[in-house]
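*Asks:* First the structure, which I've put down as structure tokens, then a few questions once you've had a look.
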């Protein structure tokens with residue numbers, strides 16, 4: 001009886017190997033049988049990313065204008081809190097959208113990193129505004145913050161454009 005079971009298991013193993021070879025060969029032979037390891041292009045993420053960039057540019061321009069004015073209150077966080085919150089809402093919506101799609105870990109991580117960076121910028125602005133000598137960002141700091149933000153947005157859009165192909 002031991003040999004009968006051994007023979008049956010041997011036959012099953014050979015059959016399974018043969019079936020795996022047939023499936024692998026079929027996938028390689030037919031280009032339509034490609035394995036996708038990342039999510040497809042997501043037009044909603046693209047649209048929200050563009051909207052996010054528009055809102056962020058408006059905030060950066062307002063912060064630059066405030067840095068150039070003689071009124072120190074224009075530089076303070078309180079004058080720009082609404083814009084920060086609008087952008088954070090959009091980032092959180094994008095993050096939920098990206099996380100809800102299968103195989104979308106890369107886009108989700110990109111949005112999370114962008115949200116983290118923006119939250120740090122907001123916290124820094126709050127800290128500068130609450131300092132003994134309250135103030136905002138310098139023109140040089142704003143340029144560096146904008147450049148970092150734009151690079152992160154571009155990485156999201158570039159990935160989505162590549163996924164379209």
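*Asks:* Within region 104-118, is even one residue in contact (Cβ under 8 Å) with a residue 40 or more places away in the chain and not in a helix (DSSP H, G or I)?
*Replies:* Checked region 104-118: at least one residue is in contact (Cβ under 8 Å) with a residue 40 or more places away in the chain and not in a helix (DSSP H, G or I).
*Asks:* With the structure loaded, tell me whether residue 75 is over 21 Å from residue 161 (Cβ atoms) and touching a residue at least 24 places away in the same chain (Cβ under 8 Å) or whether it fails that test.
*Replies:* Against the criterion (over 21 Å from residue 161 (Cβ atoms) and touching a residue at least 24 places away in the same chain (Cβ under 8 Å)), residue 75 qualifies.
*Asks:* Look through region 144-162, keep the residues that are over 13 Å from residue 114 (Cα atoms) and exposed (fewer than 13 other Cβ atoms within 10 Å of the Cβ), and return whichever of them is farthest from the chain's Cα centre (by Cα). Even if it seems obvious, please write down each step before you answer.
*Replies:* Taking region 144-162 as the starting set, the residues that turn out to be over 13 Å from residue 114 (Cα atoms) are 144, 158-162.
Applying the additional criterion that residues be exposed (fewer than 13 other Cβ atoms within 10 Å of the Cβ) yields 144, 158, 161-162.
Details: 144: 20, 158: 11, 161: 14, 162: 15 Å.
Ranking the qualifying residues of region 144-162, first place goes to 144.
*Asks:* Somewhere in region 38-45, is a residue at pLDDT 95 or above, loosely packed, with under 15 Cβ neighbours inside 10 Å, in a helix (DSSP H, G or I) and touching a helix residue (DSSP H, G or I) at 6+ places or on another chain (Cβ under 7 Å)?
*Replies:* Looking through region 38-45, none of the residues is at pLDDT 95 or above, loosely packed, with under 15 Cβ neighbours inside 10 Å, in a helix (DSSP H, G or I) and touching a helix residue (DSSP H, G or I) at 6+ places or on another chain (Cβ under 7 Å).
*Asks:* Can you tell me which residue is surrounded by the most Cβ atoms within 10 Å (Cβ to Cβ) among those in region 125-137 that are in contact (Cβ under 8 Å) with a residue 12 or more places away in the chain and assigned to a helix (DSSP H, G or I)?
*Replies:* The residue in question is 125.
*Asks:* Looking at residue 104 and the list (1) surrounded by fewer than 19 Cβ atoms within 10 Å (Cβ to Cβ); (2) more than 18 Å from residue 125 (Cβ to Cβ), which single condition is not satisfied?
*Replies:* Checking residue 104 against (1) surrounded by fewer than 19 Cβ atoms within 10 Å (Cβ to Cβ); (2) more than 18 Å from residue 125 (Cβ to Cβ), the one that fails is (1).
*Asks:* Out of (1) modelled with pLDDT of 95 or more; (2) exposed (fewer than 14 other Cβ atoms within 10 Å of the Cβ); (3) closer than 15 Å to residue 141 by Cβ, what's the single condition that is false for residue 92?
*Replies:* Here residue 92 clears every test but (3).
*Asks:* So for region 79-87 (the condition being surrounded by fewer than 14 Cβ atoms within 10 Å (Cβ to Cβ), modelled with pLDDT of 95 or more, closer than 23 Å to residue 156 by Cβ and out of contact with any helix residue (DSSP H, G or I) (no Cβ under 6 Å at 6 or more places or on another chain)), does at least one residue qualify? Working first, answer last.
*Replies:* Step one: list which residues in region 79-87 are surrounded by fewer than 14 Cβ atoms within 10 Å (Cβ to Cβ), which gives 82, 85.
Subsequent filtering for residues that are modelled with pLDDT of 95 or more retains 82, 85.
Among the residues that remain, those that are also closer than 23 Å to residue 156 by Cβ are: 85.
Applying the additional criterion that residues be out of contact with any helix residue (DSSP H, G or I) (no Cβ under 6 Å at 6 or more places or on another chain) yields 85.
Yes, region 79-87 has at least one match.
*Asks:* Still on this structure, I have one more. Name the pairs: first residue in region 138-163 and modelled with pLDDT of 95 or more, second residue surrounded by 14 or more Cβ atoms within 10 Å (Cβ to Cβ) and not in a helix (DSSP H, G or I), Cβ to Cβ under 8 Å, at least 6 apart or on different chains?
*Replies:* The qualifying pairs are 145/137.
The values are calculated or read from the model by the stated rules, or taken from the named source; none is laboratory data. Remember, it's a predicted structure, so these values are computed and weren't measured experimentally. We place every Cβ from the backbone using ideal geometry, glycine too, and count neighbours over all the protein chains shown.
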